[in-house]
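This report concerns only the one structure given below.
The values are calculated or read from the model by the stated rules, or taken from the named source; none is laboratory data. Predicted model only: the values in this text are computed from it and were never measured. Glycine gets a Cβ as well: all are built from the backbone with ideal geometry, and neighbour counts include every protein chain shown. Ligands, DNA and RNA are stripped out before the accessible areas are found, and what is left, the full protein with its side chains, is counted by its heavy atoms. Shrake-Rupley method; radii C 1.70, N 1.55, O 1.52, S 1.80 Å.
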Amino acid sequence: AVVSTQSTGTMSESHQRQLLLFADNADSYLDQFSLEFKDEYVGLLKRRFNGRRVNANHAYQEYIADRDHVHMNSTQWETLTEFVKWMGREGIVKADETEKGWYVTYIDRDPEAIARAEKKNKMVATDEERQEKMLLEQIERAKANNTDTGPSSSTVLQRAEDSEEKVVFAMPKSIRPKKVEPAVEMNALQEEDLKPSKSSSKSKSNNKKKRSAIEELIAENEAGKKQKKKKDSWLAKGIVVKIIAKDLGKEFYKSKGLIEDVFDTYGAKVKVIKTGKRVKLDQSHLETVIPQVGRKIMILNGAYEGSQAILDKLNVEHFTVNVTISSGICKGRTVPDIPYEDVSKLYTND
């Protein structure tokens, strides 16, 4: 039997009507998905973290763990940073950027929560007023005690004409002049022994100049690194990443791949390591890979961005790692507490 194409689901009239409806109301659907995404993310901040300050990316990772979550690529925001900044401007959260990324603190607008906060502030203000009042009372009592003793008056030193009594002024020990020891005469040979030799002083000054120049170079380099702000993008060629886009199916989902190229800042050409197949993905569909201790990694963001390093330790409780730089001017330097999202495994053939 021949099956008509109109009898299939993809060509049915209802399906066509839905496609036309979406095309005519694309903005309304985008607004709806954006609203759902915002409500679910903010709800997570309210329920899970209860108004505590939290890393925005960590909260996002918990959010996308739900299989029924709304994808960010179906909303009006292209990146998580853009979404966080928008929430900050709207007054939904308090957003602040640090070396470890963006942090958010949910602002509870519930009337009961606001009333509780105002009551707490009033209690604090009352305690401060009470302490200030007690302090003023203590000051007044101190003033009253001073006035009771009467004001001090100066008297003129008088001495009877027929008196033979001597007037003695005693100087306190603390301000008496110190006894000066007599100088010991020294011969010419002894004076020469005490003088520093020109060669030793010259070598010390040269060493000091050399040390100060090196220290100045290192200090200048460190100052430049500290001023370097963290970027929104973290993609880099040569690192291993994990694909977290469920829409791509089992063939790609949770597969590890090598970034062969980076385009448009947030896009990457990824080669799946097992199958060799290639796919272009946004960085929101990828996550970093933390290797075993002792393996090579690349620092993707922050002060040491682009540097290769050796993974020394995993700080599981703080979601950070300790590494030792293995390339560049900072080779051999140990850097602690780098966030997971700022490092990734470096691809090797072994």
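Quick notes on this structure:
- Packing-based ranking, highest mean first, of 65-72, 309-316 given that Cβ atoms within 10 Å are counted: 309-316, 65-72
- Compactness index (Cα Rg / 2.2 N^0.38 Å), region 240-285: 1.01
- Listed residues I329, I64 arranged by accessible area, highest first, probe 1.4 Å: I329, I64
- Anisotropy class of region 224-350 from Cα gyration tensor, a/c 1.5 cut: prolate
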